[in-house]
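The values are calculated or read from the model by the stated rules, or taken from the named source; none is laboratory data. What you are looking at is a predicted structure, and each value in this text was computed from that prediction instead of being measured. For neighbour counting, all protein chains shown are included, and Cβ atoms are generated from backbone atoms with ideal geometry for every residue, glycine included. To get the accessible areas, we keep the full protein, side chains included, count just its heavy atoms, and leave off ligands, DNA and RNA. Shrake-Rupley method; radii C 1.70, N 1.55, O 1.52, S 1.80 Å.
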There are 2 protein chains.
Amino acid sequence: MSDVDGEGKPLSKKALKKLEKKEKKENEKKQKETERAAKEAAEVTEDYGTENYGKLKLNQSQERTGKTRIADINASRAGETVSIRARVYTSRSKSAKLAFFVFRQQVSTIQGVLAVNETNISKAFVKFAANVPAESIVIVEGIINKTTEAITGTTVSDAELHIKKFYVVSETIGRLPFSLEDASRSEEEFKKDEAQYSRVALETRLNSRVVDLRTLANQGIFRIQSGVCQLFREFLLSKFFIEIHTPKLLGAASEGGANVFKVQYFKGEAYLAQSPQLYKQMCICSDFERVFEIAPVFRAEDSNTHRHMTEFVGLDLEMAFEEHYHEVLEILQELLVFVFNGLKNRFSSEIEAVKKQYPSTNFEFLQKTLRLEFKDAVKLLRENNVEIEDLEDFSTEKEKTLGRLVKEKYNTDFYIVDKFPLGVRPFYTMPDPNDDKYSNSFDFFMRGQEILSGGQRVHDPVFLEERAKSNGVEISTIQPYIDSFKRGVPPHAGGGIGLERVVMLYLNLDDIRRSSLFPRDPKRLDP
Amino acid sequence: MSDVDGEGKPLSKKALKKLEKKEKKENEKKQKETERAAKEAAEVTEDYGTENYGKLKLNQSQERTGKTRIADINASRAGETVSIRARVYTSRSKSAKLAFFVFRQQVSTIQGVLAVNETNISKAFVKFAANVPAESIVIVEGIINKTTEAITGTTVSDAELHIKKFYVVSETIGRLPFSLEDASRSEEEFKKDEAQYSRVALETRLNSRVVDLRTLANQGIFRIQSGVCQLFREFLLSKFFIEIHTPKLLGAASEGGANVFKVQYFKGEAYLAQSPQLYKQMCICSDFERVFEIAPVFRAEDSNTHRHMTEFVGLDLEMAFEEHYHEVLEILQELLVFVFNGLKNRFSSEIEAVKKQYPSTNFEFLQKTLRLEFKDAVKLLRENNVEIEDLEDFSTEKEKTLGRLVKEKYNTDFYIVDKFPLGVRPFYTMPDPNDDKYSNSFDFFMRGQEILSGGQRVHDPVFLEERAKSNGVEISTIQPYIDSFKRGVPPHAGGGIGLERVVMLYLNLDDIRRSSLFPRDPKRLDP
C-alpha cells in the first residue's frame, strides 16, 4: 500500500503491544479522573443530576445519533428539545444559580441559559458549565424558548436555549492568545473608544491562525475566496475550457532565473514554477484550445510589503483565438463581471460579515466593462497634472491615481487598460500590428491596483527567439518552450489572476495576508 | 505594475528602438520572401488564382471575421461555403491535379478534396497544398459536399469539403518526432500486424509531449481528468464543503522528514508539502467544518515504477463529523459513485476515444459500494490460499489478488476496505474503540489498486502527542500541528485521492505517466 494522503510509518509489533498496554492504562486513568471529579463536585455542594454534565470520553466513533444546526433554530420550534454541538463563544455567570452562554457554529450564534432547579440542575452543574473555557467544544441539550424581546448579540434573535445537559467534547488547553471577541472587534468600535479595547495585531493573528480564522469576518473571507474559484470555473467550463494541472517542479529556471526558488532534486536541482505560463501555452500547442488552471505560484522575491507573498494562488487561462486577441480579452472581461455578479448574489451575507469588521465602500463595477487604451490612460493622467512619458510603465502610485480618476469620471472600481507599450511587457508579448511601440497586451484593475495581466503571445518560433534574445533571455533555458511552437500552433492569448489579490481588493482589505489562509512571505513559513 | 502571470523584464528605450528597426526590416524581408515564393510558383507552371493559397502574414490580431467548427459540419449544410481553421492531419496527392486531406480540430476530423479546375485552382495550388507538412495549421475555405458513401476515417462521415482556398497559418518546422497516425494506432492494429507499424514508445511521446497530446486518446484522457475534478467539486460544494488553498512551502519537514524535497528559501530552508494533511486539519480547528483542496503534492521518492511520480495532483478533503467517522466514509463513498456515474454519463465519447487506442473492460461499480472490514478481506484472501498475518498490511501483490477475488465474487472494480490494523497506519489515526489492534481508517480501491486512503484523526492533543512519540515522530517538527488541537477541535476524518491514479485505473492505462500532462519522476523534469 503506497498511500496518497501522506500517511506515515507502521509500528513494529512489539511497539504496538507496548502501546496497547499504555493506552489501556491511560484510558483507565482518565476514566478514574472523570469519576473523581464528579464525586468531588458532589461532595462540595449538594449535587444531583450529575449524569447531565461533565467531560465526555474521547470520541472514537462509538455511536451515531443526530444533532441540530444552530442556523435551523428559531421561535417557530419553541418547546422542542434539541441537541447541538458548538463552541462556547462567551459565558457569564450572573450568580451561583444562573449563567448565560453564547454558543457558536461557524457563522451562527445562539444564546443559552442555565438556571438551577430542584430536580436535575444543581449549583455544581452551573459552576462546572460556567468554568468551561471559551472556545471549548460542547454538546448542549436544551429546550427552544421563544424570547419576548429580540436578542441583538446573536444570529438567532427570536429564540434561546434553556439548557438541560452540558458536556465537554474538546476543551481548550492553556490561555488563548487573544479572545475571539477582541479578534472580531470592528474598526467602528475602536473609533468609538480606542482605549477600552485591545487591538489584535496581524502578526499575532497569523501566529495563532487557527483561532483567528474563527472570526465571522475570516469565515466570510474564505467562503468568498472559495466562491471566486467556483465562479471562475463555472464560467470557463460553460465556455468549453478544460482544467489542466501543469508541473510546479521545472528542470530549468525560466525567464532568466530571477526570483526563482531552487529545489534539491535527488542528485540534481529543480526550480519552482513562477507561473504556468509556458505550460499553459504548450497546452495550446497540444490542441486543447481553451485551458485554465488554479494552482500555487512561487516567487522568490524578497519584498516585505502588504501586497507581496512568496506563494499565492494563480487563476490562469490561455485560449486559442480565431483572428483577434480581443476574443480572449472579451472572455476575460465577461468572466470577471460574472465573478463580481456571483459574489454579490450568492455571498451577500459573507460580504456583510466582513464589512462589519472591516468597513469598506461597495465594490462598483459596470456590466459593460470600461476599456481604455494605454494612450488614453496617459492622457487622463496628464489632464490631471500627472507627469508621465508616452511609453513609461505605471508606477504603483500612478496606478492608484488612475484608479481614483477613473472612479470619479466613470464610477467604476473595475476597468481594463489595453495596448501597453511593448517595451514594458515580457518578451513573448505580440507587438501591435499598427504601431509596434505598443503591444497586444492588457492589465485589469480593481480599485486602482492590477489584478490580471495578459495579452497575445508570439506564436511564431523564429520571431519568438528573436524577441527573447533582444530581451536578454538565455535561449537555452527556454528551448523546449520555443520548440513547442515548431509543431504548429494557433494564435493565442491569455492572462493570469492573483486570487488573494482579487479577494483583498474586492473587500478592500489592507493586507494581502488577510486573504490567504496561511500566508507565506520572506519571514514567515509557519504555521 | 507587479504582474501576476510571470511576465518578464522591460526593455531599455535604446534596445527598444534597435528592436523596432530590426523588426521592421525582418517584416519587410518576410513579405518579400512570400511574394517571391508566389512568383516562383507562378513561373514554374501556368498559375492563376494565386490569391487563393499561400502563407499568411503573422497573425498580430489584424482583423476579425468568423470561422466554422468541423463538429458543426454535416450533410444537411451541403452547398454552403465555410471557412475552417484546422490542422493538416494527413494529405495524399493522387496526381498533380488531385489531392485529399484530412483536417483535424481537437477530436473532430473531416475530409477535404482539392481538384484542379480552369478558373481558380491551378496545378501550382495543388502542389503547394500537398506539400504543406502534416500538423501545420491552415485556414481552408470550401463548399460542403454530401458524400454518396459514408466516410469511415473521419468523424464527419456524411460530408466532405471541396476546397477553394488554402492558407497556411502556422507551419511545422523540421521533421516531426513521430507521425500522429503512428502515435494514435491502437493495440488492435498492432495485434493484426505488428511488423507493419512502428510503435511510439512512452519516453518518445513524453519527450515531444505537445505533439503526443494531440492524439484522440490523449484529448480524451485529459478531458476525463478535467471531468474528475469538476465532478469532485460539484458533489462537495453541494454538500456545503468549501475549497481551501494551503501552503506548499513549509517551515519544517513534517512526518519525520523522509521523502521531502528541500527548498533554498532566501538565507534559510523550506520544504515542499508532501500532503495538505496538517493544514486541512487546521482548517477543521478553524471551524470551516468541511473543506477540500485540489493541489500538487510532492514526494521525493526515488522510485522508478509505472505508478510513482514525484509530483501529482491530490484531491483532498477533511470533515468534522457529529458522532462517527462513517459519516465521512459515506460522503466519500457517495462522492466516488457520483464521479463514476458522471464520467459515464458526460464523458462517454471521450471514454470511447481512449478505449479505441487502449482497449479495456468497462469499469464496473455498484451504486451501493461494497464495504469489507480488513478482517473480512484477510479471510477472503485466506480462503483463496493466500498466506497473510492478521495485522499485516497488504502488499501490492495481495492488493491485486484481493481485487481479482472481489471482482469474481461481487462483480465490482470499486470497493472499500475499512478498519485497517492500527500498526500499519500513520500516528494520527484514531484507534478502534472496540479493538485497539485496529483503527478507524480505510482505503478505497479501483481495479485492485488503492486510490484513496483516509480515516478518523486523533483530535485530542495529549493523546496525539503520545501516538506521535510511539511512532517515532519528532514532536518539535509537528508542534504547531499539535498546538492547533489545544484550541478545541471537533472529531473529524478525511482522505486523499490521487487524481492521476483515478484516471489511470478508471481507463485501465498501463502507466501513470499517461494520465499526467507533463509527468515528473526522478529522471524527468522536462518538458
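Filter region B:445-461 down to the residues that are assigned to a strand (DSSP E or B), facing another protein chain (nearest Cβ under 9 Å) and either in contact (Cβ under 8 Å) with a residue 60 or more places away in the chain or of a type in the set (Val, Ile, Thr) (or both) and list them by number.
B:451, B:452, B:454, B:455, B:456
Among (1) in contact with a strand residue (DSSP E or B) (Cβ under 6 Å, 6 or more places away or on another chain); (2) on the phi > 0 side of the Ramachandran plot, where does residue B:260 come up short?
(2)
Within region A:254-304, work out how many residues are open to solvent by less than 10 Å² (accessible area, probe 1.4 Å), touching a Phe, Trp or Tyr at 6+ places or on another chain (Cβ under 6 Å) and part of a loop (DSSP other than H, G, I, E, B).
Total meeting the criteria: 1.
Condition check ((1) open to solvent by less than 10 Å² (accessible area, probe 1.4 Å); (2) closer than 30 Å to residue A:187 by Cβ; (3) at the interface with another protein chain (Cβ under 7 Å from one of its Cβ atoms); (4) not in a strand (DSSP E or B)) across all residues:
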{"site": "A:417", "(1), (2), (3), (4)": "yes, no, no, no"}
{"site": "A:436", "(1), (2), (3), (4)": "no, no, yes, yes"}
{"site": "A:443", "(1), (2), (3), (4)": "yes, no, yes, no"}
{"site": "A:463", "(1), (2), (3), (4)": "no, no, yes, yes"}
{"site": "A:493", "(1), (2), (3), (4)": "yes, no, no, no"}
{"site": "A:497", "(1), (2), (3), (4)": "yes, yes, yes, no"}
{"site": "A:509", "(1), (2), (3), (4)": "no, yes, no, yes"}
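Here are some conditions: (1) more than 9 Å from every other protein chain (Cβ to nearest Cβ); (2) outside any loop (DSSP other than H, G, I, E, B); (3) over 27 Å from residue A:430 (Cα atoms). Residue A:235 meets all but one. Which one does it not meet?
Here residue A:235 meets the rest and fails (3).
With respect to residue A:157, determine if the residue is surrounded by 14 or more Cβ atoms within 10 Å (Cβ to Cβ) and free of Cβ contacts under 8 Å to residues at least 12 places away in the same chain.
The answer is yes for residue A:157.
Go through region A:465-482 residue by residue and tally those that are closer than 24 Å to residue A:433 by Cα, of a type outside the set (S, T, N, Q) and either open to solvent by 20 Å² or more (accessible area, probe 1.4 Å) or assigned to a loop (DSSP other than H, G, I, E, B) (or both).
The qualifying residues number 5.
Any residue at all in region B:274-292 that's free of Cβ contacts under 8 Å to residues at least 60 places away in the same chain, among the acidic types (Asp, Glu) and touching a Ser or Thr at 6+ places or on another chain (Cβ under 9 Å)?
No, region B:274-292 contains no residue that is free of Cβ contacts under 8 Å to residues at least 60 places away in the same chain, among the acidic types (Asp, Glu) and touching a Ser or Thr at 6+ places or on another chain (Cβ under 9 Å).
Any idea which of B:311, B:289, B:322 is on the phi > 0 side of the Ramachandran plot and at the interface with chain A (Cβ under 7 Å from one of its Cβ atoms)?
B:289
Which ones in region B:164-215 are aromatic (Phe, Trp, Tyr) and at pLDDT 90 or above?
Matches in region B:164-215: B:166, B:167, B:178.
Here are the criteria: (1) at the interface with chain B (Cβ under 8 Å from one of its Cβ atoms); (2) at pLDDT 95 or above; (3) open to solvent by 20 Å² or more (accessible area, probe 1.4 Å). Tell me which single one residue A:520 does not satisfy.
(3)
Give the residues of region B:305-333 that are assigned to a loop (DSSP other than H, G, I, E, B) and closer than 30 Å to residue A:105 by Cα, sorted by residue number.
Passing the criteria: B:321, B:322, B:323, B:324, B:325.
Take residue B:216 and tell me if it is open to solvent by 50 Å² or more (accessible area, probe 1.4 Å) and closer than 28 Å to residue B:343 by Cβ.
yes
Tell me yes or no: at least one residue of region B:343-365 is within 14 Å of chain A (Cβ to nearest Cβ), basic (Lys, Arg) and part of a loop (DSSP other than H, G, I, E, B).
no
A quick yes/no check of all residues on (1) modelled with pLDDT of 95 or more; (2) surrounded by 15 or more Cβ atoms within 10 Å (Cβ to Cβ); (3) not aliphatic (A, V, I, L, M):
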{"position": "B:347", "(1), (2), (3)": "yes, yes, yes"}
{"position": "B:353", "(1), (2), (3)": "no, yes, no"}
{"position": "B:366", "(1), (2), (3)": "yes, no, no"}
{"position": "B:371", "(1), (2), (3)": "yes, yes, yes"}
{"position": "B:375", "(1), (2), (3)": "yes, yes, yes"}
{"position": "B:380", "(1), (2), (3)": "yes, yes, no"}
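Does residue A:450 qualify as being over 30 Å from residue B:483 (Cβ atoms), more than 18 Å from the chain's Cα centre (by Cα) and open to solvent by 10 Å² or more (accessible area, probe 1.4 Å)?
no
Residue check: is residue A:82 touching a strand residue (DSSP E or B) at 6+ places or on another chain (Cβ under 9 Å) and open to solvent by less than 10 Å² (accessible area, probe 1.4 Å)?
Yes: the conditions hold for residue A:82.
Where residues in region A:136-167 are of a type outside the set (S, T, N, Q) and within 30 Å of the chain's Cα centre (by Cα), which of them is farthest from residue A:69 (Cα to Cα)?
Filtering first and then ranking leaves A:153.
Working only within region B:123-134, note down all residues that are out of contact with any helix residue (DSSP H, G or I) (no Cβ under 8 Å at 6 or more places or on another chain) and touching a residue at least 12 places away in the same chain (Cβ under 8 Å).
Answer for region B:123-134, where residues must be out of contact with any helix residue (DSSP H, G or I) (no Cβ under 8 Å at 6 or more places or on another chain) and touching a residue at least 12 places away in the same chain (Cβ under 8 Å): B:123, B:126, B:129, B:130, B:132, B:133.
With the structure loaded, tell me whether residue A:317 is in contact with a Gly (Cβ under 6 Å, 6 or more places away or on another chain) and closer than 30 Å to residue A:489 by Cα or whether it fails that test.
Judged against the criteria, residue A:317 is a match.
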